[in-house]
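Asker: Before I ask anything, here is the structure I am working with.
The values are calculated or read from the model by the stated rules, or taken from the named source; none is laboratory data. All values derive from a computational prediction rather than experimental measurement. Virtual Cβ from ideal backbone geometry, glycine too; neighbours counted across all protein chains shown. Side chains included, ligands, DNA and RNA excluded: accessible areas come from the protein's heavy atoms. Shrake-Rupley method; radii C 1.70, N 1.55, O 1.52, S 1.80 Å.
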Amino acid sequence: MHDRQTFQAAHKGGESIRGISRDRGASRNAVRRALRPGARDSYYRPSASEDAEPAVRDVLADYPAMSVSDIALLIDWRKSRRQLSDLVARLRPRTVSEWPAIEARPLHSITIGHLSTKPLDVGKMKIGELNL
């Protein structure tokens, strides 16, 4: 956003609205809004990514390797994918560095078990035993 105090000072110094907009790279309507009586000295509007940052942090804390499209589905993101991608890229390195060290079980300690179920009656269908 533009610095409204600079616009007001330039106008009090005798500069025209068109000159202020040309020199400062602002639209003439932006300069007019800044010069209105009772106009705020500063203007701030949070971006959509700022509003979504806590939700993205929570998702990345639980699922640090999740893709941006999956994060978008989880937090119900309806804005630009690029904004969300930039936010995730900015937050992910912090999250990855905080990943806990995973200690895997030795391969020889993992054995294949035997799973069996009793027959289940579901409506008119009968499901038999399942052996793995």
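Asker: What spacing in nm lies between the two simple spin-label points modelled at residue 45 and residue 11, each 7 Å away from Cα in the Cβ direction?
Answerer: Simple spin-label model gives 1.9 nm for this pair.
Asker: Leaving out ligands and nucleic acids, note down the accessible area per residue over segment 1-78 with a 1.4 angstrom probe, in whole Å².
Answerer: Computed with neighbouring chains in place, this is 70 Å² per residue.
Asker: OK, next. If DNA, RNA and ligands are ignored and the probe is 1.4 Å, what is the ranking of 69, 21 by accessible area, most exposed first?
Answerer: From most accessible down to least: 69, 21.
Asker: Please give the direction-averaged projected area of the C-alpha convex hull for segment 1-82, in square nanometres with one decimal. Don't skip to the end; give the middle numbers.
Answerer: Working: hull surface 29.6 nm².
With every direction weighted equally, the projected area is 7.4 nm².
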